[in-house]
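To keep things clear, I will list the structure first and then write my remarks on it.
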Amino acid sequence: MNLGDELATLADENLLRRRRVAGSPCGPEMVIDGRTLISFASNDYLGLAADPQLIEAAAEGARHWGVGAGASHFLGGHFAPHQQLEERLAAFVGAERALLFSTGYMANLGIVPALAGRGDVIFADKLNHASLIDAVRLALAFSHRYPHLDLAVLEGQLTANRAKQRLILTDAVFSMDGDIAPLPQLLALAERYDAWLLLDDAHGFGVLGPQGRGTAAQFGLTPTKRLLVMGTLGKAAGVAGAFVAGDAEVIDWLEQKARTAIYTTAAPPLLTFALLESLKLIEAGDERREHLQALIARLRAGLQPICARHGWRLAPSTTAIQPLVIGGNPEALGVADALMARGIWAPAIRPPTVPAGQARLRISLSAAHSEAHVDRLVDALVEIAA
């Protein structure tokens, strides 16, 4: 493989990614590549990433516990704050136990192979996050992908595959479309066909459900022996890390078998101090969530007329992820560049992250945004579409 030629091909197809350098803390307005921009790019849904209370909690944690764990959880790196956070997370989502991971990606890579191996079968939504896709590859189980949210096809696959262990995988809130999986119906299928159901609630935890307890809680569900919930702690929670919650026996098994939890240095205890404080703010954050919902409604109302006139499509999302589907890669990049020229950062998402012909702006809203921020974005898109 000639890497230079491959990179040139990516550039020719408008698929070359570029990292932009942030010169300020995560927030609704950021210094990006030396310019101050309104940012609609982060997953900081509640505006907690630079919250003073979390900063002070992290500093307090550093003063008491230092800045590193020094070892894996089984080799002396499991500190009292880690244990406290696991217990607090389990109680928050209504589970018997929870297990910490360093990232959501690592969580999925550890959970899936621990629950399904050779001779087992995994069923996965076609639009699942890359971490779940890679976890399936790592598991070495038979796998079937079903069309996005097509439960009829999923049931047919479950009927036709009667392996000893079966595992259904789905994003709870899909990261590029912002839509929500029909969790009660998925759980009913898992119960009917004796399968586990793993929910990746990266984009629902902290935002959806009573007191931000997540997408499962929004449907009145709690983790059980059948239902496992993975939540990330670097999005709405504002810090870093991830957890899986469920029945105590299942979590005990994952603690013994999830390699990405066993064979890695534990997260710094100072982060658990910040996360314990974050959980307090999430639990008491109804006002933040209400403001976020109002911003979502305001944005959608402003963009609908533009879409009708210009042939763009606003995906049917009720979540903080608001995808504006433009179509071709050059067109999506052009709109993103035009926004940046107007002081607004809304990144263009292209294949393979989304299907070919569905390049889009992934507009991500935060409770830290103001109505004026949203109006600036709408006004800029009106100008660009004119």
Taking the stated definitions as given, is residue 77 crowded, with 18+ Cβ neighbours inside 10 Å, among the small types (Gly, Ala, Ser), touching a residue at least 12 places away in the same chain (Cβ under 8 Å) and not in a loop (DSSP other than H, G, I, E, B)?
-> no
Per the filter on the range 1-51, residues part of a strand (DSSP E or B) and either of a type outside the set (A, V, I, L, M) or touching a Phe, Trp or Tyr at 6+ places or on another chain (Cβ under 9 Å) (or both) are 29, 30, 32, 35, 36, 37, 38, 39
How many residues are modelled with pLDDT of 95 or more and either among the basic types (Lys, Arg) or touching a Pro at 6+ places or on another chain (Cβ under 6 Å) (or both) if we restrict to the range 274-317?
-> 5
Please verify whether the range 270-282 includes one or more residues that are part of a loop (DSSP other than H, G, I, E, B), outside the structural domain of residue 364 (by TED's automatic domain parsing) and among the hydrophobic types (A, V, I, L, M, F, W, C).
-> no
Could you run through the range 121-176 and say how many residues are of a type in the set (S, T, N, Q), buried (at least 16 other Cβ atoms within 10 Å of the Cβ) and without any contact (Cβ under 8 Å) to a residue 40 or more places away in the chain?
-> 2
Which residues, counting only those in the range 345-380, are among the hydroxyl-bearing types (Ser, Thr, Tyr) and assigned to a strand (DSSP E or B)?
-> 364
Take residue 217 and decide whether it is more than 12 Å from the chain's Cα centre (by Cα), more than 14 Å from residue 98 (Cα to Cα) and touching a residue at least 12 places away in the same chain (Cβ under 8 Å).
-> yes
Determine whether the range 163-176 contains at least one residue that is within 19 Å of residue 218 (Cβ to Cβ), in contact with a Lys or Arg (Cβ under 9 Å, 6 or more places away or on another chain) and not aromatic (Phe, Trp, Tyr).
-> yes
Among the residues of the range 132-190, write down those that are of a type in the set (Lys, Arg), assigned to a loop (DSSP other than H, G, I, E, B) and out of contact with any Phe, Trp or Tyr (no Cβ under 9 Å at 6 or more places or on another chain).
-> 164
Got a sec? Which of 35, 19 is touching a Gly at 6+ places or on another chain (Cβ under 8 Å), surrounded by fewer than 14 Cβ atoms within 10 Å (Cβ to Cβ) and among the charged types (D, E, K, R)?
-> 35
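The values are calculated or read from the model by the stated rules, or taken from the named source; none is laboratory data. None of these values were measured; they are calculated from a predicted model. Positions of Cβ are generated from backbone atoms using ideal geometry, with glycine treated the same way; all protein chains shown enter the neighbour counts.
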